[in-house]
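A short worksheet on the structure shown next.
The values are calculated or read from the model by the stated rules, or taken from the named source; none is laboratory data. Quick caveat: nothing in here was measured; it's all calculated off a predicted structure. Cβ placement follows ideal geometry from the backbone for every residue including glycine, while neighbour counts extend to all protein chains displayed.
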Amino acid sequence: MQTEYLKTLVVLGQVGSFSKTATDLSITQSAVSQRIKFLEDYYGRQLVDRGGKVLLLTDAGKLVVSRAEQILLLEAQLTNDLKQQGEKLRLSICCTPTFGVAFLPQVMERFMLREADTVDLRFMFHSLDQTIKELQENEFDLAVIEHCDEIEVGGFHAVELPRDELVFVSAPSLGLQDSEVELGRLFQHCLIARKPDCTSRKLLDVNLSRHGHKVEDFKRVVIVDDLRLALETVLSGGGVSFVSRSLAARELEAGQLLEHSVRGFEQLRRRSVIINTERKDDQEVVSFLECISASFPMGRVC
């Protein structure tokens with residue numbers, strides 16, 4: 001299968017119409033329709049709900065898109081590796097999972113279009129603690145991280161990004177219709193949570209402690225390390241989760257998920273780019289930061 005077909009479905013899930021997808025990909029609307037039909041026939045599942053004014057991905061479509069994004073990133077990396085000839089500039093990048101899932105595909109697509117012929121690129125997803133450790137060991141030239149506390153890494157320059165907003169999310173089937181809810185109502189449901197060393201979990205633990213509670217006060221706690229799987233579990237009505245709003249933006253906009261806040265809860269965490277000071281003025285680093293600026297909703301909380 002040609003990966004252009006998968007990319008077509010990814011773009012369609014982002015823009016919600018055949019015509020906008022055709023414009024973005026510089027192909028005809030008929031070609032978009034044919035590619036989606038081919039994917040649906042190939043997988044034997046309906047991938048797009050065509051019943052409303054805005055086209056929405058079905059559950060099967062969202063699963064295909066989540067895997068397609070990974071395939072497209074791997075293809076970009078493979079293309080970059082195959083184009084290596086002689087000595088090239090090297091750029092090693094790491095990021096924490098939320099940025100990696102919500103924003104990195106768009107950033108990487110722009111960067112590879114600019115620099116694929118000139119930069120030997122390596123990128124990894126790590127937890128915050130592992131990212132800081134490997135930055136200090138000079139394993140990476142820069143990292144994009146979400147963090148609760150101010151971080152200083154010797155020999156590295158920090159660029160602040162808009163803060164990341166975390167919210168509780170639930171499926172409409174759970175009946176939590178109010179945007180502001182009492183903790184007691186949330187405790188009646190299963191909590192889909194990250195591991196204790198993740199910053200979203202740490203922020204949740206701090207908030208609960210300030211209110212005299214802990215995660216064990218939820219009906220049940222399920223630890224899910226994969227962000228996409230956690231979101232799919234919430235979408236299916238499996239519980240509530242405290243996640244970055246940017247991860248669930250499409251589902252919230254489509255009404256497939258509802259967001260909730262708790263009075264007195266701190267919902268913001270920091271997001272920063274940490275750059276090796278010796279490389280902060282290198283052209284490839286400047287180019288990568290420009291790609292973040294172009295792909296990331298700079299200047300506001302997200």
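All conditions in (1) assigned to a helix (DSSP H, G or I); (2) free of Cβ contacts under 8 Å to residues at least 40 places away in the same chain; (3) within 21 Å of the chain's Cα centre (by Cα) hold for residue 99, with the sole exception of (2). Can you tell me how many residues in region 21-57 are surrounded by 15 or more Cβ atoms within 10 Å (Cβ to Cβ) and either under 24 Å from residue 229 (Cα atoms) or of a type in the set (Val, Ile, Thr) (or both)? The qualifying residues number 11.
The residues on offer are 62, 53, and the sole one that is farther than 20 Å from residue 248 by Cβ and of a type in the set (Lys, Arg) is 53.
The number of residues in region 31-65 that are outside any helix (DSSP H, G or I) and not β-branched (Val, Ile, Thr) comes to 12. Each residue in region 183-203 was checked for being farther than 17 Å from residue 234 by Cα, under 26 Å from the mean Cα position of the chain (by Cα) and of a type outside the set (Val, Ile, Thr), and 5 pass. Residue 241 meets all of the listed conditions (1) in contact with a Phe, Trp or Tyr (Cβ under 8 Å, 6 or more places away or on another chain); (2) of a type in the set (Ser, Thr, Tyr); (3) at pLDDT below 95 but one, namely (3). Within region 185-201, how many residues turn out to be at pLDDT below 95 and over 24 Å from residue 66 (Cβ atoms)? Summing the residues that are at pLDDT below 95 and over 24 Å from residue 66 (Cβ atoms) in region 185-201 gives 1.
Applying a threshold of 7 Å to beta carbon distances and a minimum spacing of six or more residues, or different chains, the list of pairs starting in region 179-190 at a residue that is assigned by TED's automatic domain parsing to the domain that holds residue 217 and ending at one that is β-branched (Val, Ile, Thr) reads 181/262; 183/262; 186/240; 189/240; 190/222. In region 1-24, the residues that are assigned by TED's automatic domain parsing to the domain that holds residue 46 and touching a residue at least 60 places away in the same chain (Cβ under 8 Å) form Cβ pairs under 8 Å with partners that are of a type in the set (Lys, Arg) and surrounded by 16 or more Cβ atoms within 10 Å (Cβ to Cβ), at six or more places apart or across chains, as follows: 13/62; 13/250; 14/250.
Residue by residue, here is whether (1) modelled with pLDDT of 95 or more; (2) in a loop (DSSP other than H, G, I, E, B) holds:
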{"site": "209", "(1), (2)": "yes, no"}
{"site": "216", "(1), (2)": "yes, no"}
{"site": "222", "(1), (2)": "yes, no"}
{"site": "225", "(1), (2)": "no, yes"}
{"site": "230", "(1), (2)": "no, no"}
{"site": "247", "(1), (2)": "no, no"}
{"site": "278", "(1), (2)": "no, no"}
{"site": "284", "(1), (2)": "no, no"}
{"site": "293", "(1), (2)": "no, no"}
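Taking the criterion of being surrounded by 18 or more Cβ atoms within 10 Å (Cβ to Cβ) and over 30 Å from residue 113 (Cα atoms), the only residue of region 268-295 that qualifies is 269.
A quick yes/no check of all residues on (1) modelled with pLDDT under 90; (2) more than 21 Å from the chain's Cα centre (by Cα):
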site: 88; (1), (2): yes, yes
site: 94; (1), (2): no, no
site: 121; (1), (2): yes, no
site: 147; (1), (2): no, no
site: 154; (1), (2): yes, yes
site: 159; (1), (2): no, no
site: 167; (1), (2): no, no
site: 176; (1), (2): no, yes
site: 181; (1), (2): no, yes
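If you check 165, 134, 152 for being among the charged types (D, E, K, R) and under 10 Å from residue 274 (Cβ atoms), only one passes: 152.
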